[in-house]
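Everything below concerns the one structure shown next.
The values are calculated or read from the model by the stated rules, or taken from the named source; none is laboratory data. For clarity, every value in this text was computed on a predicted model and none was experimentally measured. In this analysis, Cβ positions are derived from the backbone assuming ideal geometry, glycine residues included, and neighbour counts consider all displayed protein chains. For accessibility, only protein heavy atoms count, side chains too; no ligands or nucleic acids. Shrake-Rupley method; radii C 1.70, N 1.55, O 1.52, S 1.80 Å.
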Amino acid sequence: MRELERLRPLMKELPADIRAAQVQAEKREILSFEIQDGAVKGAEYSSVTELFVSAGGGFYYTQKLEEDPEEMLAKAAGLARYSNSGGAGPMVKGSRLKTDCGQIPKTEELKAAAAALEKAIREGIPGSKPALRMTRTKETRGLINSLDTDICCENIRLEAELEMAETDGEIPCFLNCGFSARSLKELTAKPFLRRIRQWRENRLPSGTLDAGRYRTLLDGEVVTNILATAWQMFTGANYRNGATPYAGDLSCGAADGKQVFSPCLTIEDLPFMERSGYGCAVDCEGTPACALTVAFEGRLTGLLHTLETASEMGQTPCGCAGRKALLSGNIHTQIQAIPRNFCIRPGKCTEKELLDELQDGIYVFESYDVFHSINIASGEFHIPCKAILVENGQKKRSAEGITINGNLKELFAHVTACGNGLFVRPMDLLKSYAVAAPSLLVSEIAFTGSQG
Amino acid sequence: MLTQQEAARVLNKALCTGADFAELFFEDREESNIRWEKDSLSGVKAIRIYGAGLYVLSGTGSIYLYSNDCSLTALLSLAETAAELIEVRTKRQAAVPDQFYTPALKNPNPVLLAPSSTGADRKITVLKQTAAAAASAGPAVLSLNADYFDTDQRIWVINSEGLSVKDRRVTTRLRLQAAVSDGKTSFFNWEDLTRPQGFEAYRNEADHIGFAEDMVRRTRAMMDGRSVPACTVPVVLEAGGCGTLWHESCGHSLEAAAIAAGSSAFIGKLGQKVASDRVTLVDDGTMPGLYGSSAVDDEGHPRQRNVLIENGILKNYMCDRLHGRMLNLPSNGCGRRQNYTYAPTSRMSNTYLAAGRDDNEEMITSVSEGLYVKSIGGGTGGMQFSLEVKEGWWIENGRLTYPVKGLMLTGNGLEVIGRIDRVGTALEYDNGGFCGAASGLIPTTTFQPRVRIAEMSIGGA
């Protein structure tokens with residue numbers, strides 16, 4: 001990686017007062033086009049490289065690449081006296097991993113693909129006026145350290161995001177959805193058309209909902225919205241601190257461990273996943289990425305670790321060390337465990353079979369603001385949502401202004417069936433990982449009522 | 001950074017294929033972050049954010065490009081890319097004027113003690129005091145992370161209309177994240193103490209120590225309350241930070257970007273009655289001492305006081321340059337962004353409900369059964385909004401009876417602001433926090449006098 005060249009000699013011959021050092025580089029090049037009515041409405045291009053310099057326990061982050069490399073190291077080392085780590089933190093030794101993302105779509109290809117996709121969606125839904133943004137992101141992660149590690153991994157991600165506004169009578173309705181992939185050919189109109197049709201079908205006449213406990217079908221969109229916050233319940237740091245409802249539940253072997261999940265639920269965190277452009281072959285600490293099974297056959301089987309928490313708990317890290325976990329009012333310099341593609345494995349039931357199985361109950365198809373409505377330490381949730389009352393397996397009328405309430409640990413234990421579809425959602429705004437889930441049938445969830 | 005003449009070269013290059021506006025946004029920001037974790041100092045970090053964004057408009061089409069290579073060569077190359085990317089149907093000959101002007105500006109948040117001139121040891125002392133206060137605040141704190149942040153942002157906006165303006169924004173912040181246990185279960189909470197100031201913000205120890213103690217007390221209160229059965233009752237929201245109601249219930253929907261995207265319930269309602277007569281809503285980026293204030297917005301436009309709703313009548317939207325163009329409205333100083341990696345868009349700053357004439361006590365004493373909300377956490381906005389009740393009490397026969405827990409206030413913004421039936425006389429400020437949206441996380445405040453909503457559907461498990 002070009003940006004690390006000037007620092008590489010320093011890693012081989014550290015200044016006398018520095019015992020260990022590491023430099024990580026993250027380069028992100030983005031190109032996007034926004035298309036509406038067949039015309040380019042906007043475009044974005046960027047190239048930014050960040051350097052994370054650790055020396056003797058001190059840390060310096062910079063985007064000013066023309067700074068003198070020795071000064072960068074000295075700035076980090078100058079802060080080492082405030083650290084209790086005594087080194088540059090946990091480091092990978094002697095790794096030489098290199099991956100290449102291969103051919104990436106050129107500017108004109110991306111623009112043409114965006115225009116074609118927007119046209120296919122517009123023509124697939126007569127009378128619609130979608131705004132489509134297609135983005136090509138090339139991420140390069142490099143890491144060098146004084147323990148002879150020299151890593152460079154590339155990843156290409158293509159994303160299509162759609163915004164669409166309609167009115168339902170006088171009420172404005174707004175849809176925002178997106179899909180990611182690793183090649184342009186995987187970004188087709190089909191999932192968008194399905195999503196738009198579902199969005200329209202779910203706009204049923206509004207009715208009232210009495211507060212109470214109901215058999216519930218959670219749409220994959222709602223489950224992923226929950227997972228976008230709930231994954232934090234499965235980090236090594238929160239487990240160690242007792243700040244998760246699963247504290248003490250980790251299974252040590254196949255026959256061991258408490259039954260804390262429904263047996264039909266398998267939760268994984270995958271370095272790469274179909275229908276997702278997210279993931280990387282190596283994490284921010286240089287650990288090669290591998291698949292992690294979090295929940296299997298009812299037991300908690302694994303946690304998302306950094307090198308530090310994996311070492312403390314005597315476990316093997318799976319390459320989950322990252323930085324951009326959640327929105328935060330500062331630059332993400334802190335290493336912490338974050339997912340890559342955090343997902344619930346799909347089951348075998350079609351949507352119709354799930355509705356038939358539900359018979360009489362509630363189908364929740366949209367939810368909001370899980371960041372504020374789930375407590376990751378207790379598992380308690382109070383999630384605002386939109387739902388549809390289902391009678392005899394048929395969708396009847398909608399209910400807005402309601403919340404689902406309970407504890408996620410109980411919810412995950414009471415899943416009775418998983419849908420065969422997979423809804424994939426990127427982490428909004430930060431775009432650093434994805435979550436994915438099928439629809440889940442749950443034996444009972446508490447609802448507050450609505451006025452209709 | 002470039003000279004003014006070099007910047008003009010870049011702007012001219014960006015305009016060469018017929019765009020009608022170009023702007024360069026330079027940013028050089030230094031931050032420090034000190035973390036206290038697991039009963040000890042885990043490190044001091046120095047951070048340098050540095051780069052430039054090039055914004056090019058052609059009518060209502062926009063191109064945004066950015067890089068952390070701010071050399072003339074790199075920015076000319078960026079401008080060339082911009083000129084290639086923009087699709088101009090009717091070419092216009094725009095050119096950057098020879099002379100640049102800088103408007104007269106007033107910094108609403110002057111700095112007395114720059115963080116960069118304050119040693120790390122003093123900052124560590126403040127952090128230790130805060131962490132110690134939280135750890136000893138009573139209930140069992142299972143895990144505690146405390147962070148100190150300061151940021152010194154210097155920006156330069158120069159555009160093809162001849163504007164050249166520089167601004168400096170200094171802020172400091174303490175963040176506490178804790179899991180608190182009552183012996184049976186644990187509960188996670190985080191809060192920020194934000195200040196649009198330099199290190200002088202920590203002269204009074206009682207402020208940050210009080211913040212830490214209150215944070216732990218509030219976390220415990222969130223665990224201890226009783227659930228509320230589903231019902232429709234009057235809701236009284238305390239003065240100060242409960243003003244987040246306005247940010248989420250209608251603030252986002254009054255941003256020009258939401259109007260232009262068709263995602264707002266306020267579309268086409270300028271001049272119409274949209275709220276109770278008691279509602280006068282203002283967004284003001286000029287207010288001294290507030291977290292959402294600055295001399296100029298991130299497009300170089302001087303900040304201003306915008307009356308959005310006056311006595312229930314919709315008066316204005318918050319406009320940045322691009323979305324103002326889409327609505328045929330001028331920018332009113334609301335173009336904001338987290339940093340150079342985001343194009344500016346219309347955002348709030350200090351959003352508040354103006355004081356009314358109603359008696360604070362009567363708002364509660366006249367309620368036979370209802371909810372009193374003392375403190376609100378975060379939420380989401382739009383046509384349907386939601387807000388987390390951090391601290392609430394149940395009202396019976398005009399008196400606060402017991403604390404409640406596990407409540408989200410949800411509703412339709414237009415409906416709720418139409419049901420405001422009391423607005424108190426005393427407007428109280430709030431420290432503020434961050435609003436996350438399309439152009440990143442930006443500092444904002446939102447506050448109010450005590451208000452009452454005549455009725456709202458609420459209820460927990």
### Task
Please work out which residue is nearest to the chain's Cα centre (by Cα), limiting yourself to the stretch A:229-259 and to residues that are away from every other protein chain (no Cβ under 13 Å) and surrounded by 20 or more Cβ atoms within 10 Å (Cβ to Cβ).
A:TRP231
### Task
Would you check if there is a residue in the stretch B:327-348 being touching a Gly at 6+ places or on another chain (Cβ under 7 Å) and within 30 Å of B:LEU407 (Cα to Cα)?
yes
### Query
Looking only at residues in the stretch A:416-435 that are more than 25 Å from A:ALA399 (Cα to Cα) and out of contact with any Lys or Arg (no Cβ under 6 Å at 6 or more places or on another chain), which one is least open to solvent (accessible area, probe 1.4 Å)?
A:ALA434
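I'm checking my understanding of the structure. Among residues of the stretch B:428-461 that are part of a loop (DSSP other than H, G, I, E, B), at pLDDT below 95 and open to solvent by 20 Å² or more (accessible area, probe 1.4 Å), which one is nearest to the other protein chains (Cβ to nearest Cβ)?
Step by step, filter the stretch B:428-461, then rank; the result is B:ALA461.
One line per residue, one yes/no per condition, for (1) touching a Ser or Thr at 6+ places or on another chain (Cβ under 7 Å); (2) more than 12 Å from chain B (Cβ to nearest Cβ); (3) surrounded by 22 or more Cβ atoms within 10 Å (Cβ to Cβ):
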{"position": "A:GLU108", "(1), (2), (3)": "no, no, no"}
{"position": "A:MET134", "(1), (2), (3)": "yes, yes, yes"}
{"position": "A:ASP150", "(1), (2), (3)": "no, yes, no"}
{"position": "A:ILE156", "(1), (2), (3)": "no, yes, no"}
{"position": "A:GLU161", "(1), (2), (3)": "no, no, no"}
### Message
If I filter the stretch A:324-339 for residues that are surrounded by 21 or more Cβ atoms within 10 Å (Cβ to Cβ), touching a helix residue (DSSP H, G or I) at 6+ places or on another chain (Cβ under 9 Å) and of a type outside the set (A, V, I, L, M, F, W, C), do I get at least one hit?
### Response
yes
### Query
Of everything in the stretch B:382-405 that's outside any strand (DSSP E or B) and open to solvent by 20 Å² or more (accessible area, probe 1.4 Å), which residue is modelled with the highest pLDDT?
B:ASN397
### Task
Consider B:GLN304 carefully, then state whether it is more than 30 Å from B:TRP394 (Cβ to Cβ), within 14 Å of chain A (Cβ to nearest Cβ) and surrounded by fewer than 19 Cβ atoms within 10 Å (Cβ to Cβ).
no
### Query
Out of the residues in the stretch B:249-278 that are touching a helix residue (DSSP H, G or I) at 6+ places or on another chain (Cβ under 6 Å) and in a loop (DSSP other than H, G, I, E, B), which is farthest from A:TYR368 (Cα to Cα)?
B:ALA275
### Task
Have a look at B:THR341, B:THR380 and point out the one that is farther than 20 Å from B:ASP283 by Cβ and assigned by TED's automatic domain parsing to the domain that holds B:ALA261.
B:THR341
### Message
One residue is enough: does the stretch A:441-450 have a residue meeting the conditions outside any strand (DSSP E or B), modelled with pLDDT under 95 and either open to solvent by less than 10 Å² (accessible area, probe 1.4 Å) or aliphatic (A, V, I, L, M) (or both)?
### Response
yes
### Task
State yes or no: is A:GLU139 within 14 Å of A:ALA25 (Cα to Cα), of a type in the set (Asp, Glu) and in contact with a strand residue (DSSP E or B) (Cβ under 7 Å, 6 or more places away or on another chain)?
yes
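One line per residue, one yes/no per condition, for (1) of a type outside the set (Asp, Glu); (2) within 14 Å of chain B (Cβ to nearest Cβ); (3) part of a strand (DSSP E or B); (4) touching a residue at least 60 places away in the same chain (Cβ under 8 Å):
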residue: A:ASP269; (1), (2), (3), (4): no, no, yes, yes
residue: A:GLU274; (1), (2), (3), (4): no, no, no, no
residue: A:GLY277; (1), (2), (3), (4): yes, no, no, yes
residue: A:GLY286; (1), (2), (3), (4): yes, no, no, yes
residue: A:GLU308; (1), (2), (3), (4): no, yes, no, yes
residue: A:SER311; (1), (2), (3), (4): yes, no, no, yes
residue: A:PHE342; (1), (2), (3), (4): yes, no, yes, yes
residue: A:PHE365; (1), (2), (3), (4): yes, yes, yes, yes
residue: A:SER378; (1), (2), (3), (4): yes, yes, no, yes
### Query
So which residues in the stretch A:28-64 are touching a Lys or Arg at 6+ places or on another chain (Cβ under 8 Å), more than 10 Å from every other protein chain (Cβ to nearest Cβ) and surrounded by 20 or more Cβ atoms within 10 Å (Cβ to Cβ)?
A:ILE35, A:GLY56
### Task
Considering every residue within the stretch B:141-152, establish whether at least one is more than 10 Å from chain A (Cβ to nearest Cβ), surrounded by fewer than 16 Cβ atoms within 10 Å (Cβ to Cβ), within 26 Å of A:LYS75 (Cβ to Cβ) and in contact with a strand residue (DSSP E or B) (Cβ under 9 Å, 6 or more places away or on another chain).
no
## Note on the structure
How many residues of the stretch A:385-396 are open to solvent by less than 80 Å² (accessible area, probe 1.4 Å) and over 23 Å from the mean Cα position of the chain (by Cα)? The answer is 7
### Query
Quick one: is B:ILE267 within 14 Å of chain A (Cβ to nearest Cβ) and either surrounded by fewer than 20 Cβ atoms within 10 Å (Cβ to Cβ) or under 25 Å from B:ASP421 (Cβ atoms) (or both)?
yes
### Task
Could you grab me the full set of residues in the stretch B:209-235 that are at pLDDT 90 or above, of a type outside the set (A, V, I, L, M) and either in a strand (DSSP E or B) or in contact with a Leu (Cβ under 6 Å, 6 or more places away or on another chain) (or both)?
B:PHE211, B:PRO234
### Task
Can you give me the number of residues within the stretch A:399-418 that are among the hydrophobic types (A, V, I, L, M, F, W, C), assigned to a strand (DSSP E or B) and within 14 Å of another protein chain (Cβ to nearest Cβ)?
3
### Task
Taking B:LYS273 as meeting all but one of (1) buried (at least 18 other Cβ atoms within 10 Å of the Cβ); (2) closer than 19 Å to B:GLY418 by Cα, write down the number of the exception.
(1)
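Residues that are more than 8 Å from every other protein chain (Cβ to nearest Cβ) and in contact with a Leu (Cβ under 8 Å, 6 or more places away or on another chain): list the strands (runs of 3 or more DSSP E) wholly contained in the stretch B:1-119 that include at least 1 such residues.
B:21-37, B:40-58
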### Query
Only one of (1) at pLDDT 90 or above; (2) within 14 Å of chain B (Cβ to nearest Cβ); (3) within 23 Å of the chain's Cα centre (by Cα) is not met by A:ALA437, so which one is it?
(2)
## Note on the structure
Exactly one of B:GLY379, B:GLY356, B:GLY370 is outside any helix (DSSP H, G or I) and open to solvent by 20 Å² or more (accessible area, probe 1.4 Å), and that one is B:GLY356
### Task
Among the candidates B:LEU245, B:LEU290, B:LEU254, single out the residue that is buried (at least 20 other Cβ atoms within 10 Å of the Cβ) and under 20 Å from B:THR425 (Cα atoms).
B:LEU245
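Scan the stretch A:338-391 for residues that are of a type in the set (Ser, Thr, Tyr) and closer than 17 Å to A:GLY207 by Cβ and report the count.
Qualifying residue count, the stretch A:338-391: 1.
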### Message
Can you go through A:LYS396, A:LYS386 and tell me which one is farther than 22 Å from A:PRO426 by Cα, in contact (Cβ under 8 Å) with a residue 40 or more places away in the chain and in a strand (DSSP E or B)?
### Response
A:LYS396
